[in-house]
Amino acid sequence: MTKSVFRFGGGSADGDASQRDLLGGKGANLAEMAGIGLPVPPGLTIATSVCAAFYDAGGKLPDDVKADTLAALAHVEQVTGKTFGDAADPLLVSVRSGARVSMPGMMDTVLNLGLNDVTVEGLARASGNPRFAWDSYRRFIQMYGDVVLELDHYLFEDALEIAKEDRGVTLDTELTAEDLQGLVARYKAIVAENWGDAFPQDPHEQLWGAIGAVFGSWRSDRARTYRRLNDIPESWGTAVTVQAMVFGNRGDTSATGVAFTRDPANGERVTYGEYLINAQGEDVVAGIRTPQYLTKAARERAGARAASMEEAMPVVFAELAKVFALLETHYRDMQDIEFTVEDGRLWMLQTRSGKRTAKAALKIAVDMASEGLITEAEAVLRVEAGALDQLLHPTLDPHAPRDVITRGLPASPGAASGAVVFDSDTAEARAKMGDAVILVRTETSPEDIHGMHAARGILTARGGMTSHAAVVARGMGRPCVSGAGSISIDLTARTMRVGNRMIGEGDRITLDGTTGEVMVGEVATVEPELAGDFGLLMEWADKHRRLKVRTNAETPADCRTARGFGAEGIGLCRTEHMFFEPSRITSVRRMILAEDGAGRASALAELLPEQRADFARIFREMAGLPVTIRLLDPPLHEFLPHDEAGFADVAEATGLSVGTVRRRIAELHEFNPMLGHRGCRLGITYPEIYAMQARAIFEAAVAVAKDTGEAVVPEVMVPLVATARELEITKAAIDAEARAVFAETGRTLDYMVGTMIELPRAALRAAEIAEFAEFFSFGTNDLTQTALGISRDDASRFLGVYVEQGIYPRDPFVGIDEEGVGELVQIATDRGRAARPGLKLGICGEHGGDPASIAFCERLGLDYVSCSPYRVPIARLAAAQAALRAKG
Ligand code: PEP
Ligand code: MG
């Protein structure tokens, strides 16, 4: 039988950090910390494998697991010298969840379990602190009532507020033992009224109830949403950790806190965190009381008065600082830590790799490599490629005027503007309609996860730097300003008031999560700066990268941006974008509406110099690098108007009658233009179009090569090829233009002719096609559309449901469908290369900028990926990571 209950504490542990799949992140790290001799309260972890068994048994723990849990609990009793349920000095435990990857705030926790009407008296006597005992009991009933008995938590919160009002106090800590005893009686009455039975007094019944509820919370709505957003499989399950309680709420020599070994917002090497004297764990995270700083420096920087831990508890703080250093060297990564001080004694309750912003991830990786803690290759692997997106986007223009209405904590960096919304459902609904929204809440809770995801930025009136809003926003890469205390929200009127300013739902505001500023209106932004750590990490990445990274670009400005980001050529220049330029759309339309070849030829003659100039500008911008230019692809009707007013405009501009324009447009109408008269089909039926484009390419290339003395390497690409014969015909025409231009100019240059592989037939017949193609570029947008039979344009209407049900693991237009489309790419790669050794292979569909798809391209051994300019750094990093992972 496989082991399902693991013990830790008392100087040893059954497991270690390598067993996170089985013990969950929390359980594995508690075992690891106990194993290396850190002060960890003893406990036990019920393995993730039990989660599935629990559900299979209809929500019950298997008997053998129960027996093992009791045996492990006896070990905890032995280590602590206390007995569970003992009337004189009871052992109390916490029951917590812990999945393989951390899901902050997504699942449930119960603290102080084991208290009842008898043991609370024992705890009061044994601790000599009745206030603490009754406070612990009321917290336990509240948490148990919420998590296990599923009673509305407002019932308890309201009762607490009333108790404080009755006593005329504002802080929980101002309630006396007697007040709390009264509150416990009220809480028990709430349970009896709403649950229909008395609060369970038997500690074992409490324990099984709590373990069941924690396993049950794996399938809660919010946990499911979180998993969907983070690609976490349902099958992983959660572990449950039962651990001896230590108390941070035992008076003024007790405290509880959370810390990061480096600053998770900017990556600086400082101790970062918050603590609360005389409080229990959840108080810090919940944002109910405003926590104090850990270090004197942080307190001074914030201009806060309440003593830092360094000042208030210097001895324990020094010990804590040592533990931080030890944990960083041990784990070789930034750690996120929870600790408790009980009567001046430090206890570690959790450590894990800390979530961080992209900016911090980058700095920490580069710093740790420089400190010799990790290698350069490890640093490259440490920064999630997709997260670089956060650094590649504009920040607020420092010179733009801003109307700052208030300031909160800089909880998650970056800037965002959008319409104010006051609840998560509205945020989601408006974002779906394409609106940029800022979610404004008094404080967020795990129920807000979908709204936070939909929002561009998050603003809260309450909560610290480690509040739910702050932690979740940083993980998602959303700018967040938290604890902006001067905001008051009126949910009924759907307004927020800041001083004498009133802002209604839908009004635009701007947040700067880097400074904490909140502004009215939209503020201008500036492009990011990519020097320093960023440049260094990219340099390290490039050392390990095999795949080349090109860009999809058609304007000189995009080419420049992409080169700045390190693009090594153009993988796709879509020439149709040039046809839309106002200066030439009329010639394009004359060409399309022409009744015969001669009419087309005269319009094309007007377009030739324009196209030549387009290509010359691009060749100049990309000097020395390969440039793939794709001949015209979209169906011609895309260039034409659709209504009478438009027909009249075109008639006037082209000199044709409105009747002729209307008739020709009707003739050109297609039922399914995606599968219609487009791509090389245009080149076959109207050879003049491709001839003009090929001539423009070669004339421009010859001219720029002559001018600059640099090699210009045009790669002429034919779209939507299905058969070898199509390419044979088009290639012959392209070669003929090249020969003509070379003869006319007396100069030659190297060029290539290749094709997009974007139809299943082309992938299958790649061997024949390769006879005429010197390169293939996988157009995985069209290949996905045609292989799956799902239109690119309206797939989003139902794909969400498909992904939710696991029919496709991700949106196949974002992450390549490896099984289906991927197999077609594999087939074309194998057959193409077999027919033409040295065939150059790339990808230019959207997948070329998606890290997971790039890893797939690495496995296939493609030569390059091509993506939009802003994704070039992401692709460079993802390509390096894929190469490093392939090496193992
Ligand atoms: C493709 O189909 O993947 C492609 C890159 O071409 P387009 O998106 O222009 O159809
Ligand atoms: Mg295409």
How large is the charge dipole for the range 622-713, taken about the Cα centre, if only the Cβ atoms of Lys, Arg (+1) and Asp, Glu (-1) carry charge, to the nearest 20 debye?
300
Between rounded, prolate and oblate, where does the range 393-526 land on the alpha carbon gyration tensor, with a ≥ b ≥ c its root eigenvalues, rounded for a/c under 1.5, else prolate if a/b exceeds b/c?
rounded
Here the FRET efficiency for Arg305 versus Ala436, based on Cβ atoms and R0 = 30 Å and rounded to 0.05, is 0.20
With -39,500 (n - 2.57) per DSSP H segment of 4 or more residues and division by the full residue count of the chain, the 222 nm estimate, nearest 500 deg cm²/dmol, is -14000 deg cm²/dmol
Mind scanning Lys164/Lys188; Lys543/Lys840; Lys164/Lys296 and naming the pairs with a C-alpha gap bigger than 24 Å?
Lys164/Lys296
Evaluate the distance, in nm, between pseudo-label points positioned 7 Å from the Cα of Met752 and of Glu319 along their respective Cα→Cβ axes.
6.6
Relative to the longest principal axis of the C-alpha atoms of the chain, give the angle of the C-alpha long axis of helix 687-708, reported between 0 and 90° and rounded to the nearest 10°.
80
Ser353 accessible area, 1.4 Å probe, all protein chains in place, Å² to nearest 10:
70
With all protein chains in place and a 1.4 Å probe, Ile162 shows an accessible area in Å² (nearest 10) of 90
Give me the number: length gained by fully extending Arg560 to Glu670, i.e. 0.36 nm times residue separation minus the C-alpha to C-alpha distance, one decimal in nm.
35.9 nm
Whichever lysines have a C-alpha closer than 19 Å to that of Lys3, once near sequence neighbours (fewer than 8 apart) are set aside
Lys26, Lys60, Lys66
Just read off the accessible area of Met143 with the full protein assembly in place, 1.4 Å probe, to the nearest 10 Å².
40
For the chain, the fraction of alpha-carbon pairs in successive 10 Å shells from zero, as %:
2, 11, 18, 21, 17, 12, 9, 6, 3, 1, 0
Give the angle, between 0 and 90 degrees and rounded to the nearest 10, that separates the Cα long axis of helix 203-217 from the longest principal axis of the Cα atoms of the chain.
10
Can you give the net charge of the other residues whose Cβ lies under 12 Å from the Cβ of Pro233, counting K and R as +1 and D and E as -1?
+1
Separation of alpha-carbon centers, the range 158-213 and the range 443-511, rounded to whole Å:
30
For Lys548, the aspartates and glutamates lying under 12 Å Cα to Cα, once residues fewer than eight places off in the same chain are dropped, come out as Glu568, Glu858, Asp863
Could you work out how far the C-alpha centroid of the range 79-133 sits from that of the range 334-383, in angstrom?
29
Residues of the range 409-438 with backbone N under 20 Å of the label point set 7 Å from the Cα of Arg228 along Cα→Cβ are 423-435, 437
With a/c under 1.5 counting as rounded, go ahead and sort the range 747-853 into rounded, prolate or oblate using the C-alpha gyration tensor (a ≥ b ≥ c being the square roots of the eigenvalues; past the cut-off, prolate if a/b is larger than b/c, else oblate).
prolate
Largest first, how would Arg831, Arg456 line up by accessible area (1.4 Å probe)?
Arg456, Arg831
Note down, for the range 46-158, the three equivalent ellipsoid semi-axes (square root of 5 times each alpha carbon gyration tensor eigenvalue), biggest first, whole angstrom.
26, 21, 12
So what's the range 5-244 giving for Cα Rg divided by 2.2 N^0.38 Å, two decimals?
1.03
Counting only protein chains, not ligands or nucleic acids, how are Thr225, Thr525 ordered by accessible area (probe 1.4 Å), most first?
Thr525, Thr225
Put one equal scatterer on each alpha carbon of the range 238-323, apply the Debye formula with no solvent term, and list log10 I(q)/I(0) at q = 0.10, 0.26 1/Å to two decimals.
-0.26, -1.42
Order Tyr690, Tyr802 by their accessible area, 1.4 angstrom probe, all chains in place, largest first.
Tyr802, Tyr690
Multiplying the sequence separation of Asp197 and Glu77 by 0.36 nm and subtracting their Cα-Cα distance, what value in nm do you get?
40.2 nm
If one computes the Cα centroid of the range 222-255 and of the range 737-806, what distance in Å separates the two points?
48
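The values are calculated or read from the model by the stated rules, or taken from the named source; none is laboratory data. Computed from a predicted model, the values in this text were never measured in an experiment. Because the Cβ atoms are built from the backbone with ideal geometry, glycine has one as well, and the counts that use them run over all protein chains shown. Keep in mind that these areas ignore ligands, DNA and RNA; they rest on the heavy atoms of the full protein, side chains included. Shrake-Rupley method; radii C 1.70, N 1.55, O 1.52, S 1.80 Å.
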